[in-house]
Amino acid sequence: MRFTRMAVLGMLVLLAGACASAAGNGGSSYSNSDNLTRTEIMDAHVTTALDAVRKLRPGWLRTRGVTSTSTSSEIAVYLDGIRAGGPSFLRSLPSTSVTSMEFLDASSATQRWGTNHVHGAILVSTRS
């Protein structure tokens with residue numbers, strides 16, 4: 001009886017771990033939730049870069065923490081290394097022109113570009 005309980009408990013732990021792993025990636029079968037590849041974007045059959053993010057990595061669009069009047073209240077978007085604006089910029093970018101996208105958390109974005117990245121940054125590449 002004790003062995004059976006331990007076996008059931010072990011299987012539940014494994015099942016919970018598998019579910020958490022899939023949920024952390026937006027349910028995607030792709031491995032890195034901080035990156036979007038050209039293949040993922042094309043497989044999603046979306047029109048704009050914003051549609052791709054909304055469908056494949058919606059967590060990238062969530063603002064985190066507290067905002068103040070002295071800091072930017074949106075996620076920064078960079079196109080080929082140049083700041084292009086906020087997430088609304090992605091609406092104007094055809095998904096077919098994107099080769100990859102990457103999300104940087106607030107700390108990483110601040111280290112790379114300085115202050116006013118309290119919600120992180122989305123890096124969009126249109127080059128191979």
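The values are calculated or read from the model by the stated rules, or taken from the named source; none is laboratory data. These numbers come from a predicted model, not from an experiment. When we count neighbours, we look across all protein chains shown, and the Cβ atoms used for this are built from the backbone with ideal geometry, even at glycine. The area values use the complete protein model at the heavy-atom level, side chains included, leaving out ligands, DNA and RNA. Shrake-Rupley method; radii C 1.70, N 1.55, O 1.52, S 1.80 Å.
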(request) Note down the net charge around Gly81, summing +1 for each Lys or Arg and -1 for each Asp or Glu among other residues with Cβ under 14 Å from its Cβ. (result) +1
(request) Tabulate in residue order the Karplus-calculated ³J(HN,Hα) for the stretch 114-119, using 6.51 cos²θ - 1.76 cosθ + 1.60 with θ = phi - 60°, rounded to whole Hz; enter x for Gly and Pro. (result) x, 5, 6, 10, 5, 10
(request) Quick one: which residues, 5+ away or cross-chain, put their amide H under 5 Å from the amide H of Thr48? H built at 1.01 Å from N. (result) Ser95
(request) Provide the gained length on full extension for the span Arg127 to Ser97, in nm with one decimal, where the gain is 0.36 nm per separating residue minus the Cα-Cα distance. (result) 9.9 nm
(request) Any chance you could look up the accessible area of Leu56 with a 1.4 Å probe, heavy atoms only, rounded to 10 Å²? (result) 30
(message) Multiplying the sequence separation of Lys55 and Met42 by 0.36 nm and subtracting their Cα-Cα distance, what value in nm do you get?
(response) 3.5 nm
(request) Starting from the amide H of Ala84, placed 1.01 Å from N in the peptide plane, find each other amide H under 5 Å away whose residue is 5 or more places distant or on another chain. (result) Val77, Tyr78, Leu79
(message) Could you put Ser128, Ser108 in order of accessible surface area, largest first, with the 1.4 Å probe and the full protein assembly present?
(response) Ser128, Ser108
